[in-house]
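Notes to accompany the following structure.
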Amino acid sequence: MSNHENQDVINEALGLLRGGNSSAAESLLAGIVDQDPDNFDALRLRGIACHLQEKHEDAVGFLKEALSVDPGSAQTHYNLGVAL
């Protein structure tokens, strides 16, 4: 998948999250993370999707992975704090 295609999928997943469909969003994001394990946006949003599904251990794992890619992301630090 190209970067442009990844961004389209991330945007679709974000829309699903905003619409309350965190399970479908996580499924979309899983495909990106599987192919591009360092994709910060996909990792962060997958962590949020997991948290919304009360899959807190998964959420923490994905958010920590996102922070390993971009340790300066204040929003992701906040999301991790909420997931803990």
*Just need a number here: residues in the range 11-59 that are closer than 18 Å to Ser73 by Cα and within 8 Å of the chain's Cα centre (by Cα).*
10
*Please specify each residue of the range 38-64 satisfying the condition of being in contact with a helix residue (DSSP H, G or I) (Cβ under 8 Å, 6 or more places away or on another chain), farther than 22 Å from His4 by Cα and either modelled with pLDDT under 95 or surrounded by fewer than 22 Cβ atoms within 10 Å (Cβ to Cβ) (or both).*
His51, Leu52, Gln53, His56, Asp58, Val60, Gly61, Lys64
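The values are calculated or read from the model by the stated rules, or taken from the named source; none is laboratory data. As the structure is a computational prediction, the values presented were derived from the model and not from experiment. Neighbour counts run over all protein chains shown; Cβ positions are idealised from the backbone, glycine included.
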